[in-house]
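See below for the structure under consideration.
The values are calculated or read from the model by the stated rules, or taken from the named source; none is laboratory data. As the structure is a prediction and not an experimental result, all values here were calculated from the model. Don't worry about glycine lacking a Cβ; one is built from the backbone with ideal geometry, like all the others, and counts go over all protein chains shown.
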Amino acid sequence: MNMKTLPDFWFEPLPWIDGQWHPGGETVTVRNPATGEKIADVSRADAAVVTLAIEGAVKAQRTWREVSAVERGMILKRTAALLLAQKDEFARLLTAEQGKPYAQAVGEVEYAASFFQWFGEEARRVYGRIAGHPEAGREFFIEHKPAGVAGLITPWNFPLAQGAKKVAAALAAGCSAVWKPAELTPLIALAIGPLMRQAGLPDGVLQIVPGRGSVVGAVLAEHPAVRVLSLTGSTATGSALMVAAAPGIKRLSLELGGNAPFIVLPDADLDFVAEQLMRLKLFVSGQVCVTANRVFVHADAESALAEKLAPTRRASGSRGSKNRR
């Protein structure tokens, strides 16, 4: 791996299957988006490799579901601790691969660790309950069981945090998982494989398969052993995945495209509004689901807010239209 500005990592640019680096098919070059410098050539998983990963996850599921909830939680919390202990290394890799500023990358590493910590605590609360029955002298006993192998598809803008959220939830519930990271940002996902193994995760419980969405997504949607599909991505991709998964009646969790409004009421603190609006617009270069995509300003506050934003606009060198909407 060519990572001149990065520390030596304990992973290879290959699919992570059953606790081993497994050769894939074609390779794709991952580059630093700021400089164009090559970071690594990543081997992509083809349909056969994805199928192999699913089959390994099925085998691992049989024993993972029998591991106590407390032990599953401990593994997740150890993962959180290891991630925070290597925060600088992960943040530097994230910045080099994804392009966000280092400070934001550190924040994402901490955010990712919080999911492993949270679900590590929640794992012990996956228990059943007693519910009333319409007939006297009877009652319902409701018990939660792992659904099975979970297919997880994550985006490029928060490649570590979105992965942590999905992986930690699946593993806490007793499911094994096959994680397909975004095509542009596979390295940060691959780095998680050996980290979780170090935390005590059995081999095969988490499989990581970088590859083309059209290839990996299709296998995850069609394979009968995959019982849960979770996607954070575009509406078009979610629609296609839903259609492909329909014959198998899989459980779907889809976080798709949105258009977040930013609403300014007449009694708002405009200094605070201007600060927050610029922060949101520049967060991850504005390419994040919670950014301010549409700004609605009450007529009584329009002129005053525009004046507060104008110095920021001039300082940034913007020559946008003076028309305000």
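Side notes on the structure shown:
- Condition met for G148 (at positive phi and either touching a Cys at 6+ places or on another chain (Cβ under 8 Å) or surrounded by 20 or more Cβ atoms within 10 Å (Cβ to Cβ) (or both)): yes
- Residues (in a loop (DSSP other than H, G, I, E, B) and among the acidic types (D, E)) located in the range 65-80: E66
- Flag for D88 being surrounded by fewer than 22 Cβ atoms within 10 Å (Cβ to Cβ), in contact with a helix residue (DSSP H, G or I) (Cβ under 9 Å, 6 or more places away or on another chain), in the same structural domain as G204 (by TED's automatic domain parsing) and not aliphatic (A, V, I, L, M): yes
- Residue in the range 71-85 that is over 20 Å from L184 (Cβ atoms), hydroxyl-bearing (S, T, Y) and either crowded, with 17+ Cβ neighbours inside 10 Å or modelled with pLDDT of 95 or more (or both) present: yes
- Condition check for E122: touching a helix residue (DSSP H, G or I) at 6+ places or on another chain (Cβ under 7 Å), buried (at least 22 other Cβ atoms within 10 Å of the Cβ) and touching a residue at least 12 places away in the same chain (Cβ under 8 Å): no
- The lone exception for L184 - which of (1) of a type in the set (A, V, I, L, M); (2) modelled with pLDDT under 95; (3) over 21 Å from Q104 (Cα atoms) it fails: (3)
- Qualifying positions in the range 192-213 - part of a helix (DSSP H, G or I) and in contact with a helix residue (DSSP H, G or I) (Cβ under 9 Å, 6 or more places away or on another chain): I192, L195, M196, Q198, G213
- Of all residues in the range 233-280, exactly one satisfies the criterion of being in contact with a helix residue (DSSP H, G or I) (Cβ under 9 Å, 6 or more places away or on another chain), polar (S, T, N, Q) and either surrounded by fewer than 16 Cβ atoms within 10 Å (Cβ to Cβ) or not assigned by TED's automatic domain parsing to the domain that holds G217 (or both), namely S253.
- One residue alone among K145, K100 is touching a helix residue (DSSP H, G or I) at 6+ places or on another chain (Cβ under 9 Å) and among the basic types (K, R), and that residue is K100.
- Residues that are closer than 27 Å to K100 by Cα and in a helix (DSSP H, G or I) occur at least once in the range 217-229.
- Condition check for T154: surrounded by fewer than 24 Cβ atoms within 10 Å (Cβ to Cβ) and either more than 17 Å from A177 (Cβ to Cβ) or touching a Lys or Arg at 6+ places or on another chain (Cβ under 7 Å) (or both): no
- Flag if V228 is crowded, with 18+ Cβ neighbours inside 10 Å, aliphatic (A, V, I, L, M) and modelled with pLDDT of 95 or more: yes
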